[in-house]
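Before any comments, here is the structure.
What follows draws every value from the coordinates through simple rules; no lab data is involved. The structure displayed is predicted, hence computed values, not measured ones. Cβ coordinates were reconstructed from backbone atoms using ideal geometry, including for glycine residues, and neighbour counts include every protein chain displayed.
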Amino acid sequence: MKEQNLKELLNQLHDVLEKTDEVDLETLELVRDLDEEINRLVDPDSADDDFDSVVDHAKAIETRFAVDYPVAERFLREIIDALSKVGI
């Protein structure tokens, strides 16, 4: 259930960025990387368990988004919160 919430939040983040004018390629790549990291964490067949690294990465992106993409920043905060609730 919580994993599904994470996936929904990631989809919403992607949707917001797609609707935002002038999102640079580096930003899109950061979000894609985060998406892949989270998917590896929630995949029961994956051996990747570097939870702290994923949370740190999400927080770094959140800080970057604070000025340029405030709506997307809100989704990142929710993703960080959901990650902590998943307890991976």
Listed values (1) -0.71, -1.55; (2) -0.92, -1.21; (3) -0.79, -1.26, entry calculated as log10 I(q)/I(0) by the Debye sum over Cα atoms at q = 0.18, 0.27 Å⁻¹: (1)
Spin-label model distance (nm) - Ser53 vs Asp24, 7 Å beyond Cα toward Cβ: 2.5
Over region 2-86, relative contact order from alpha-carbon pairs under 8 Å, at least 6 apart, %: 42
In region 10-63, GluC sites (Glu not before Pro) in a DSSP loop with at most 14 other beta-carbon atoms within 10 Å: Glu22
The chain: angle of helix 25-42 to the longest principal axis, Cα-based, in degrees nearest 10: 20
